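Only one structure is covered here, and it is reproduced in the block below.
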Amino acid sequence: MQFIFRLSLMKLFFILLSGFCWAQNAEIIYNFKVLKDEKIVKSKYIGDIHLQTIRGAEKLNFLLQTNDSISKFSLIPVMDIDQNSDVNLAVLLSGSAKPIFTYDGKVWRNNTSGMFREDTFLIVDPMQTNWELTSETKEIDGYLCYKATSEYIVINGRGEFHHPLIAWYCPQIPIPLGPKGYGKLPGLILELQEWNSVFGLVKINLNTTNEPLELPKKGKVISNQEFQNKVGKKFMKQFDE
């Protein structure tokens, strides 16, 4: 009965937070790690790149800011980033080279592909909602967190790929947000794992006095899949030429 009651309570929290609002401004700092994959390390072509990315990730931190109904997830500036190939590789893998915003249940960001003129497109997609809530728990920095699982799908010229997505969220902090525009869970995501990359909690500041956040406005509005299709077509055209 206690187990059923706990899951019912979690579902109730989810329903209450599905309107996507929160009661407080906050600043959350995350670090970034790339998990070592021995199979990739042994690869003749990308083994060294994988090790470089692991080293570069150790130097990255990201800031999640919440203000009223808008959130912003952005890279904290790194010294000499342009001269450090390890860091550049890690930033590329993080998928967060440019700020990622959430508002009204959607994720907003400008494109980062060098194949197009900078900020040509404004990519807008619905936030992740198909989470599977579990009763598994662990403690992160003194906060009791629950595990939620899902997957993210990558579609490119080589096919469709499904990768695991794991979020550890804390109902004690009723902010339905997390790294990279993920959220809509019954609490703040303190740890997020996308396949072999992990965003982990470093510090939380609640009830901050952030400056107002503004959504990006520059660029043609397009979905991420539409943008990836354009990238693929342009790449194939350049390859043929």
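Read-outs throughout are calculated quantities, based only on the coordinates presented, and are distinct from any laboratory measurement. If you're wondering where the values come from, they're calculated on a predicted model, not measured in any experiment. So basically every Cβ, Gly included, is an ideal-geometry build from the backbone, and we count neighbours across all protein chains shown.
Structure notes:
- Other residues within the sphere of radius under 13 Å centred on the Cβ of K33, judged by their own Cβ, net out at -1 (K and R +1, D and E -1).
- Here the simple spin-label model places points 7 Å from the Cα toward Cβ, and for E139 and V202 these points are separated by 2.4 nm.
- Spin-label model distance (nm) - L92 vs S43, 7 Å beyond Cα toward Cβ: 1.2 nm
- Within the shell defined by Cβ-Cβ distances under 12 Å, the residues around I100 carry a net charge of +4, with Lys and Arg each +1 and Asp and Glu each -1.
- Summarising the label geometry, the points placed 7 Å from Cα in the beta-carbon direction at K36 and K217 lie 4.9 nm from one another.
- Extension gain, E27 to K147: 0.36 nm times the residue separation minus the Cα-Cα distance gives 41.0 nm.
- Counted by Cβ distance under 12 Å from V202, the other residues give a net charge of -1, where Lys and Arg count +1 and Asp and Glu count -1.
- Packing around the peptides 104-110, 130-136, taken as the average count of other Cβ atoms within 10 Å per residue, puts them in this order, highest first: 104-110, 130-136.
- Globularity index of the stretch 56-197, i.e. its alpha-carbon radius of gyration over 2.2 N^0.38 Å: 1.09
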